[in-house]
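In what follows, a structure is listed as C-alpha coordinates, so that the remarks can point back to it.
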Ligand SMILES: [Fe+2]
(Lines give C-alpha, C1' and ligand atoms only; values in the text may rest on other atoms or scores of the structure.)
Protein backbone atom coordinates (compact mmCIF):
# COMPACT_ATOMS: atom_id res chain seq x y z
CA UNK A 1 0.00 0.00 0.00
CA UNK A 2 2.84 2.38 0.72
CA UNK A 3 3.58 2.85 -2.95
CA UNK A 4 0.09 4.28 -3.48
CA UNK A 5 1.22 7.41 -1.70
CA UNK A 6 4.81 7.54 -2.77
CA UNK A 7 4.40 10.53 -5.15
CA UNK A 8 2.69 12.49 -2.38
CA UNK A 9 5.35 11.72 0.16
CA UNK A 10 8.03 12.56 -2.36
CA UNK A 11 6.75 16.12 -2.66
CA UNK A 12 8.80 18.26 -0.28
CA UNK A 13 6.47 21.29 0.07
CA UNK A 14 4.10 19.96 2.66
CA UNK A 15 4.75 17.87 5.74
CA UNK A 16 0.97 17.68 6.20
CA UNK A 17 0.78 15.36 3.28
CA UNK A 18 3.17 12.92 4.88
CA UNK A 19 1.19 12.91 8.12
CA UNK A 20 -2.13 12.47 6.32
CA UNK A 21 -1.00 9.60 4.20
CA UNK A 22 0.69 7.82 7.06
CA UNK A 23 -2.65 8.11 8.86
CA UNK A 24 -4.44 6.63 5.89
CA UNK A 25 -2.07 3.71 5.83
CA UNK A 26 -2.83 3.02 9.49
CA UNK A 27 -6.56 3.22 8.86
CA UNK A 28 -6.31 0.70 6.05
CA UNK A 29 -6.28 -1.83 8.88
CA UNK A 30 -9.63 -0.44 10.10
CA UNK A 31 -11.81 -3.30 11.48
CA UNK A 32 -14.82 -2.44 9.29
CA UNK A 33 -14.83 -3.78 5.76
CA UNK A 34 -16.89 -0.92 4.37
CA UNK A 35 -14.58 1.63 5.95
CA UNK A 36 -11.50 -0.06 4.59
CA UNK A 37 -12.96 -0.42 1.13
CA UNK A 38 -14.36 3.11 0.98
CA UNK A 39 -11.10 4.48 2.22
CA UNK A 40 -9.14 2.56 -0.34
CA UNK A 41 -11.32 3.66 -3.26
CA UNK A 42 -11.43 7.24 -2.01
CA UNK A 43 -7.65 7.20 -1.91
CA UNK A 44 -7.53 6.06 -5.52
CA UNK A 45 -9.67 8.99 -6.60
CA UNK A 46 -7.60 11.30 -4.44
CA UNK A 47 -4.38 9.95 -5.89
CA UNK A 48 -5.64 10.38 -9.47
CA UNK A 49 -6.17 14.05 -8.67
CA UNK A 50 -2.84 14.25 -6.98
CA UNK A 51 -1.06 12.76 -10.01
CA UNK A 52 -2.72 15.38 -12.15
CA UNK A 53 -1.48 18.05 -9.71
CA UNK A 54 -5.01 19.16 -8.89
CA UNK A 55 -4.51 18.94 -5.14
CA UNK A 56 -4.18 22.15 -3.17
CA UNK A 57 -3.42 22.52 0.52
CA UNK A 58 -7.02 23.60 1.08
CA UNK A 59 -8.39 20.45 -0.59
CA UNK A 60 -5.96 18.32 1.36
CA UNK A 61 -7.15 19.68 4.69
CA UNK A 62 -10.84 19.23 3.70
CA UNK A 63 -10.11 15.70 2.61
CA UNK A 64 -8.42 14.85 5.88
CA UNK A 65 -11.21 16.41 7.95
CA UNK A 66 -13.87 14.43 6.08
CA UNK A 67 -11.84 11.28 6.41
CA UNK A 68 -11.42 11.66 10.15
CA UNK A 69 -15.18 12.16 10.65
CA UNK A 70 -15.97 9.19 8.44
CA UNK A 71 -13.61 6.85 10.25
CA UNK A 72 -14.86 7.93 13.64
CA UNK A 73 -18.44 6.93 12.83
CA UNK A 74 -17.88 3.26 13.58
CA UNK A 75 -18.86 0.42 11.28
CA UNK A 76 -21.53 1.26 8.77
CA UNK A 77 -23.91 -1.37 7.46
CA UNK A 78 -22.59 -3.79 4.86
CA UNK A 79 -24.39 -2.16 1.98
CA UNK A 80 -22.69 -1.51 -1.36
CA UNK A 81 -20.40 1.50 -1.34
CA UNK A 82 -21.52 4.28 -3.68
CA UNK A 83 -19.42 7.26 -2.76
CA UNK A 84 -16.65 6.55 -5.24
CA UNK A 85 -18.57 7.37 -8.35
CA UNK A 86 -15.37 8.26 -10.16
CA UNK A 87 -14.36 4.63 -9.88
CA UNK A 88 -16.69 2.55 -11.95
CA UNK A 89 -14.84 -0.56 -10.93
CA UNK A 90 -15.25 -3.46 -8.57
CA UNK A 91 -12.77 -5.86 -7.09
CA UNK A 92 -15.40 -8.25 -5.77
CA UNK A 93 -15.06 -11.54 -7.64
CA UNK A 94 -18.52 -11.48 -9.21
CA UNK A 95 -19.16 -13.13 -12.51
CA UNK A 96 -20.85 -11.05 -15.13
CA UNK A 97 -18.40 -8.16 -15.33
CA UNK A 98 -14.80 -7.28 -15.99
CA UNK A 99 -12.74 -4.19 -15.24
CA UNK A 100 -10.87 -3.06 -18.32
CA UNK A 101 -7.92 -0.65 -18.01
CA UNK A 102 -7.39 0.74 -21.49
CA UNK A 103 -4.94 3.22 -22.95
CA UNK A 104 -6.74 3.21 -26.29
CA UNK A 105 -8.63 6.45 -26.70
CA UNK A 106 -11.11 5.53 -29.37
CA UNK A 107 -14.79 6.06 -28.64
CA UNK A 108 -15.40 3.50 -31.33
CA UNK A 109 -14.08 0.74 -29.05
CA UNK A 110 -17.39 0.94 -27.22
CA UNK A 111 -18.88 -1.00 -30.13
CA UNK A 112 -16.57 -3.88 -29.16
CA UNK A 113 -17.50 -3.80 -25.49
CA UNK A 114 -21.20 -3.64 -26.23
CA UNK A 115 -20.96 -6.55 -28.66
CA UNK A 116 -19.05 -8.61 -26.06
CA UNK A 117 -21.69 -7.89 -23.42
CA UNK A 118 -24.45 -8.79 -25.87
CA UNK A 119 -22.81 -12.12 -26.67
CA UNK A 120 -21.70 -13.16 -23.18
CA UNK A 121 -23.73 -11.15 -20.68
CA UNK A 122 -20.46 -9.92 -19.14
CA UNK A 123 -20.46 -6.18 -18.53
CA UNK A 124 -17.29 -4.20 -19.31
CA UNK A 125 -16.33 -1.46 -16.82
CA UNK A 126 -13.95 0.84 -18.68
CA UNK A 127 -11.13 2.80 -17.02
CA UNK A 128 -9.11 4.88 -19.46
CA UNK A 129 -5.71 6.49 -19.02
CA UNK A 130 -2.24 6.82 -20.45
CA UNK A 131 -0.44 3.51 -20.67
CA UNK A 132 2.35 4.26 -18.18
CA UNK A 133 -0.13 5.88 -15.81
CA UNK A 134 -2.33 2.75 -15.86
CA UNK A 135 0.69 0.50 -15.27
CA UNK A 136 1.67 2.62 -12.27
CA UNK A 137 -1.90 2.58 -11.01
CA UNK A 138 -2.18 -1.20 -11.19
CA UNK A 139 1.19 -1.50 -9.44
CA UNK A 140 0.03 0.88 -6.72
CA UNK A 141 -3.26 -0.93 -6.25
CA UNK A 142 -1.29 -4.12 -5.74
CA UNK A 143 -3.26 -7.11 -4.48
CA UNK A 144 -6.35 -4.89 -4.16
CA UNK A 145 -6.37 -3.97 -7.81
CA UNK A 146 -9.78 -4.41 -9.43
CA UNK A 147 -8.10 -4.51 -12.88
CA UNK A 148 -8.80 -7.59 -15.00
CA UNK A 149 -7.56 -6.64 -18.47
CA UNK A 150 -4.89 -4.16 -19.57
CA UNK A 151 -5.00 -2.87 -23.15
CA UNK A 152 -2.27 -0.83 -24.83
CA UNK A 153 -1.11 0.08 -28.28
CA UNK A 154 2.46 -0.85 -29.18
CA UNK A 155 4.24 -4.04 -28.14
CA UNK A 156 6.85 -1.91 -26.37
CA UNK A 157 4.22 -0.79 -23.88
CA UNK A 158 2.84 -4.30 -23.36
CA UNK A 159 6.34 -5.53 -22.69
CA UNK A 160 6.76 -2.67 -20.19
CA UNK A 161 3.60 -3.86 -18.40
CA UNK A 162 4.93 -7.43 -18.37
CA UNK A 163 8.26 -6.24 -16.95
CA UNK A 164 6.40 -4.26 -14.27
CA UNK A 165 4.86 -7.55 -13.12
CA UNK A 166 1.26 -6.46 -13.59
CA UNK A 167 0.31 -9.19 -16.10
CA UNK A 168 -0.09 -12.93 -15.73
CA UNK A 169 0.59 -15.60 -18.36
CA UNK A 170 -2.52 -17.08 -19.90
CA UNK A 171 -2.81 -20.36 -21.71
CA UNK A 172 -5.67 -20.32 -24.18
CA UNK A 173 -5.86 -22.64 -27.18
CA UNK A 174 -8.32 -20.23 -28.82
CA UNK A 175 -5.83 -17.36 -28.60
CA UNK A 176 -2.93 -19.54 -29.69
CA UNK A 177 -4.71 -20.80 -32.77
CA UNK A 178 -6.21 -17.43 -33.76
CA UNK A 179 -3.22 -15.13 -33.31
CA UNK A 180 0.09 -15.58 -35.18
CA UNK A 181 2.98 -16.58 -32.93
CA UNK A 182 5.07 -13.48 -33.65
CA UNK A 183 2.24 -11.20 -32.54
CA UNK A 184 1.93 -12.51 -28.99
CA UNK A 185 4.15 -12.82 -25.94
CA UNK A 186 6.10 -16.09 -26.11
CA UNK A 187 5.21 -16.67 -22.43
CA UNK A 188 1.51 -15.82 -22.86
CA UNK A 189 1.55 -12.48 -20.99
CA UNK A 190 -0.21 -10.55 -23.79
CA UNK A 191 -1.60 -10.99 -27.27
CA UNK A 192 -1.80 -8.78 -30.34
CA UNK A 193 -5.37 -7.95 -31.33
CA UNK A 194 -4.82 -5.81 -34.42
CA UNK A 195 -1.86 -4.79 -36.55
CA UNK A 196 -0.48 -1.42 -37.57
CA UNK A 197 2.17 -0.99 -40.27
CA UNK A 198 4.80 1.78 -40.01
CA UNK A 199 4.88 2.92 -43.61
CA UNK A 200 6.70 5.49 -45.71
CA UNK A 201 4.24 8.25 -46.58
CA UNK A 202 5.38 10.25 -49.61
CA UNK A 203 4.41 13.34 -51.59
CA UNK A 204 2.79 11.96 -54.72
CA UNK A 205 3.70 15.11 -56.67
CA UNK A 206 7.38 15.00 -55.83
CA UNK A 207 8.36 11.38 -55.17
CA UNK A 208 8.35 8.51 -57.62
CA UNK A 209 7.50 5.43 -55.51
CA UNK A 210 9.97 3.45 -57.63
CA UNK A 211 12.72 5.34 -55.81
CA UNK A 212 11.50 3.91 -52.48
CA UNK A 213 12.51 0.46 -51.28
CA UNK A 214 13.50 -0.08 -47.63
CA UNK A 215 13.78 1.66 -44.26
CA UNK A 216 17.52 1.11 -44.61
CA UNK A 217 17.58 3.08 -47.90
CA UNK A 218 16.10 6.15 -46.20
CA UNK A 219 19.58 6.73 -44.78
CA UNK A 220 21.05 7.31 -48.25
CA UNK A 221 22.14 10.83 -49.26
CA UNK A 222 19.41 11.11 -51.93
CA UNK A 223 16.93 11.83 -49.09
CA UNK A 224 19.01 14.63 -47.53
CA UNK A 225 16.61 17.20 -45.97
CA UNK A 226 13.60 15.28 -47.28
CA UNK A 227 12.47 13.24 -44.27
CA UNK A 228 9.96 14.28 -41.59
CA UNK A 229 9.85 12.30 -38.32
CA UNK A 230 8.44 12.71 -34.87
CA UNK A 231 10.43 12.71 -31.65
CA UNK A 232 12.47 9.76 -30.43
CA UNK A 233 10.36 9.92 -27.27
CA UNK A 234 7.55 8.36 -29.24
CA UNK A 235 7.20 4.63 -28.67
CA UNK A 236 6.33 3.95 -32.35
CA UNK A 237 9.77 5.13 -33.47
CA UNK A 238 11.48 3.44 -30.53
CA UNK A 239 9.87 0.16 -31.58
CA UNK A 240 10.94 0.69 -35.19
CA UNK A 241 14.55 1.10 -34.08
CA UNK A 242 14.23 -1.87 -31.67
CA UNK A 243 13.02 -3.93 -34.64
CA UNK A 244 16.02 -2.81 -36.72
CA UNK A 245 18.33 -3.87 -33.86
CA UNK A 246 16.65 -7.28 -33.75
CA UNK A 247 17.17 -8.00 -37.42
CA UNK A 248 20.31 -6.00 -38.33
CA UNK A 249 22.20 -5.78 -35.01
CA UNK A 250 23.30 -2.73 -33.02
CA UNK A 251 26.23 -1.73 -35.24
CA UNK A 252 24.28 -1.74 -38.51
CA UNK A 253 21.37 0.05 -36.83
CA UNK A 254 23.70 2.76 -35.57
CA UNK A 255 25.13 3.30 -39.06
CA UNK A 256 21.58 3.52 -40.39
CA UNK A 257 20.53 5.97 -37.69
CA UNK A 258 23.42 8.32 -38.48
CA UNK A 259 22.37 8.50 -42.13
CA UNK A 260 18.70 8.79 -41.26
CA UNK A 261 19.19 11.66 -38.80
CA UNK A 262 21.32 13.40 -41.39
CA UNK A 263 18.35 13.35 -43.76
CA UNK A 264 15.85 14.98 -41.37
CA UNK A 265 14.17 17.97 -43.05
CA UNK A 266 13.64 19.64 -39.67
CA UNK A 267 14.03 18.77 -35.98
CA UNK A 268 11.63 15.96 -34.97
CA UNK A 269 8.27 17.30 -33.82
CA UNK A 270 4.52 16.70 -33.81
CA UNK A 271 2.56 13.48 -34.07
CA UNK A 272 2.08 11.18 -37.04
CA UNK A 273 -0.64 13.40 -38.54
CA UNK A 274 1.69 16.43 -38.30
CA UNK A 275 4.22 14.60 -40.47
CA UNK A 276 1.56 14.09 -43.14
CA UNK A 277 0.51 17.74 -42.99
CA UNK A 278 4.15 18.80 -43.32
CA UNK A 279 4.49 16.69 -46.47
CA UNK A 280 1.40 18.41 -47.89
CA UNK A 281 2.85 21.80 -46.89
CA UNK A 282 6.05 21.01 -48.80
CA UNK A 283 8.30 20.89 -45.71
CA UNK A 284 9.45 17.40 -46.57
CA UNK A 285 8.85 14.69 -49.19
CA UNK A 286 8.65 11.55 -47.07
CA UNK A 287 7.73 10.58 -43.51
CA UNK A 288 7.47 7.54 -41.26
CA UNK A 289 3.91 7.08 -40.00
CA UNK A 290 1.44 4.40 -38.99
CA UNK A 291 -0.80 3.46 -41.90
CA UNK A 292 -4.11 4.19 -40.17
CA UNK A 293 -3.39 7.92 -39.87
CA UNK A 294 -3.40 8.20 -43.65
CA UNK A 295 -6.63 6.20 -43.78
CA UNK A 296 -8.18 8.44 -41.13
CA UNK A 297 -7.38 11.59 -43.12
CA UNK A 298 -8.80 10.02 -46.25
CA UNK A 299 -12.07 9.26 -44.45
CA UNK A 300 -12.27 12.63 -42.70
CA UNK A 301 -15.20 14.93 -43.42
CA UNK A 302 -12.89 17.94 -43.00
CA UNK A 303 -11.93 19.27 -46.47
CA UNK A 304 -8.47 20.26 -45.17
CA UNK A 305 -7.78 16.67 -44.08
CA UNK A 306 -9.02 15.35 -47.40
CA UNK A 307 -6.76 17.78 -49.25
CA UNK A 308 -3.74 16.56 -47.25
CA UNK A 309 -4.67 12.93 -47.84
CA UNK A 310 -5.06 13.45 -51.58
CA UNK A 311 -1.40 14.44 -51.79
CA UNK A 312 -0.05 11.46 -49.85
CA UNK A 313 1.00 8.07 -51.17
CA UNK A 314 1.59 5.03 -48.95
CA UNK A 315 4.60 2.77 -49.48
CA UNK A 316 5.18 -0.52 -47.63
CA UNK A 317 8.97 -0.85 -47.18
CA UNK A 318 11.15 -3.97 -47.19
CA UNK A 319 8.79 -6.03 -49.34
CA UNK A 320 11.68 -7.73 -51.15
CA UNK A 321 13.47 -8.33 -47.88
CA UNK A 322 12.03 -9.19 -44.48
CA UNK A 323 8.69 -7.33 -44.75
CA UNK A 324 7.30 -4.09 -43.33
CA UNK A 325 7.65 -3.24 -39.64
CA UNK A 326 4.39 -4.22 -37.96
CA UNK A 327 3.29 -3.30 -34.47
CA UNK A 328 0.23 -4.30 -32.48
CA UNK A 329 -2.60 -3.11 -30.35
CA UNK A 330 -2.81 -5.77 -27.68
CA UNK A 331 -3.97 -6.86 -24.26
CA UNK A 332 -3.11 -9.05 -21.31
CA UNK A 333 -4.82 -10.41 -18.21
CA UNK A 334 -3.77 -8.54 -15.07
CA UNK A 335 -1.94 -10.49 -12.35
CA UNK A 336 -4.46 -11.27 -9.63
CA UNK A 337 -7.42 -10.28 -11.84
CA UNK A 338 -10.61 -10.70 -9.74
CA UNK A 339 -12.51 -11.85 -12.85
CA UNK A 340 -9.89 -13.97 -14.59
CA UNK A 341 -12.30 -16.18 -16.50
CA UNK A 342 -14.21 -13.18 -17.83
CA UNK A 343 -10.91 -11.53 -18.74
CA UNK A 344 -9.79 -14.52 -20.81
CA UNK A 345 -13.23 -14.74 -22.43
CA UNK A 346 -12.89 -11.06 -23.37
CA UNK A 347 -9.49 -11.60 -25.02
CA UNK A 348 -10.84 -14.63 -26.85
CA UNK A 349 -13.80 -12.56 -28.03
CA UNK A 350 -11.45 -9.84 -29.35
CA UNK A 351 -9.77 -12.50 -31.49
CA UNK A 352 -13.03 -13.59 -33.16
CA UNK A 353 -13.93 -12.54 -36.72
CA UNK A 354 -16.75 -10.30 -35.43
CA UNK A 355 -14.46 -8.28 -33.16
CA UNK A 356 -11.67 -8.22 -35.72
CA UNK A 357 -14.09 -6.73 -38.20
CA UNK A 358 -14.89 -3.93 -35.76
CA UNK A 359 -11.16 -3.17 -35.29
CA UNK A 360 -10.77 -3.12 -39.07
CA UNK A 361 -13.86 -1.16 -39.98
CA UNK A 362 -13.99 1.35 -37.21
CA UNK A 363 -10.35 2.19 -36.63
CA UNK A 364 -8.60 1.20 -39.88
CA UNK A 365 -6.47 -1.38 -38.10
CA UNK A 366 -5.42 -4.64 -39.74
CA UNK A 367 -6.95 -7.87 -38.40
CA UNK A 368 -4.54 -10.36 -36.83
CA UNK A 369 -6.50 -13.51 -37.63
CA UNK A 370 -5.90 -15.22 -40.93
CA UNK A 371 -8.34 -14.86 -43.78
CA UNK A 372 -9.58 -11.44 -42.68
CA UNK A 373 -8.97 -8.38 -44.77
CA UNK A 374 -8.54 -4.73 -43.78
CA UNK A 375 -11.26 -2.25 -44.71
CA UNK A 376 -11.54 -0.71 -48.17
CA UNK A 377 -9.52 2.42 -47.42
CA UNK A 378 -6.61 0.41 -46.02
CA UNK A 379 -6.93 -2.19 -48.79
CA UNK A 380 -6.53 0.67 -51.32
CA UNK A 381 -2.93 1.08 -50.07
CA UNK A 382 -2.20 -2.38 -51.54
CA UNK A 383 -1.23 -5.78 -50.16
CA UNK A 384 1.91 -6.06 -48.15
CA UNK A 385 4.09 -8.59 -46.38
CA UNK A 386 4.63 -7.91 -42.67
CA UNK A 387 7.85 -8.75 -40.82
CA UNK A 388 7.95 -12.07 -38.96
CA UNK A 389 10.04 -10.75 -36.08
CA UNK A 390 8.34 -11.43 -32.74
CA UNK A 391 7.06 -8.08 -31.49
CA UNK A 392 8.33 -8.91 -27.99
CA UNK A 393 11.73 -7.86 -29.33
CA UNK A 394 10.49 -4.24 -29.44
CA UNK A 395 10.31 -4.26 -25.67
CA UNK A 396 13.49 -6.24 -25.05
CA UNK A 397 15.51 -3.97 -27.36
CA UNK A 398 13.80 -0.76 -26.25
CA UNK A 399 16.57 0.44 -23.89
CA UNK A 400 19.21 -0.15 -26.57
CA UNK A 401 17.04 1.61 -29.16
CA UNK A 402 16.49 4.67 -26.97
CA UNK A 403 20.22 4.85 -26.22
CA UNK A 404 21.14 4.69 -29.91
CA UNK A 405 18.57 7.33 -30.87
CA UNK A 406 19.87 9.62 -28.13
CA UNK A 407 23.52 9.20 -28.96
CA UNK A 408 22.94 9.73 -32.67
CA UNK A 409 21.00 12.96 -32.44
CA UNK A 410 17.40 11.78 -32.96
CA UNK A 411 15.84 14.25 -30.55
FE1 LIG B 1 -1.53 5.83 -32.99
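Here are a few things to note about the model shown:
- Counting residues in region 267-281 that are in contact with a helix residue (DSSP H, G or I) (Cβ under 7 Å, 6 or more places away or on another chain) and part of a loop (DSSP other than H, G, I, E, B) gives zero.
- Total residues in region 216-241, condition more than 19 Å from residue 297 (Cβ to Cβ), outside any helix (DSSP H, G or I) and in contact with a strand residue (DSSP E or B) (Cβ under 8 Å, 6 or more places away or on another chain): 3
- Residue check, residue 389 farther than 25 Å from residue 294 by Cβ and crowded, with 18+ Cβ neighbours inside 10 Å: no
- Extreme residue, farthest from the ligand (Cβ to nearest atom), among residues of region 199-215 that are under 28 Å from residue 402 (Cβ atoms) and either assigned by TED's automatic domain parsing to the domain that holds residue 366 or not in a loop (DSSP other than H, G, I, E, B) (or both): 202
- Residues within region 258-281 that are more than 16 Å from the ligand (Cβ to nearest atom) and either closer than 28 Å to residue 376 by Cα or surrounded by 22 or more Cβ atoms within 10 Å (Cβ to Cβ) (or both), tallied: 5
- Candidates 235, 245: the one that is within 13 Å of the ligand (Cβ to nearest atom), buried (at least 19 other Cβ atoms within 10 Å of the Cβ) and either within 21 Å of residue 404 (Cβ to Cβ) or at pLDDT below 95 (or both) is 235.
- When 187, 252 are screened for being free of Cβ contacts under 8 Å to residues at least 40 places away in the same chain and in a loop (DSSP other than H, G, I, E, B), only 187 passes.
- Residues of region 295-305 classified as more than 16 Å from the ligand (Cβ to nearest atom) and within 19 Å of the chain's Cα centre (by Cα), total: 0
- Top-ranked residue of region 282-294 - restricted to ones that are part of a strand (DSSP E or B) and buried (at least 24 other Cβ atoms within 10 Å of the Cβ), ranked as nearest to the ligand (Cβ to nearest atom): 289
Residue by residue, here is whether (1) surrounded by fewer than 18 Cβ atoms within 10 Å (Cβ to Cβ); (2) outside any helix (DSSP H, G or I); (3) modelled with pLDDT of 95 or more holds:
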position: 112; (1), (2), (3): no, no, no
position: 116; (1), (2), (3): no, no, yes
position: 139; (1), (2), (3): yes, no, yes
position: 143; (1), (2), (3): yes, no, no
position: 147; (1), (2), (3): no, yes, yes
position: 152; (1), (2), (3): no, yes, yes
position: 162; (1), (2), (3): no, no, yes
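- Some residue of region 177-191 being farther than 21 Å from residue 318 by Cα and within 16 Å of the ligand (Cβ to nearest atom): no
The values are calculated or read from the model by the stated rules, or taken from the named source; none is laboratory data. Because the structure is predicted, anything quoted here is derived from the model rather than measured. Note: ideal-geometry Cβ built from the backbone for every residue, glycine included; neighbour counts use all protein chains shown.
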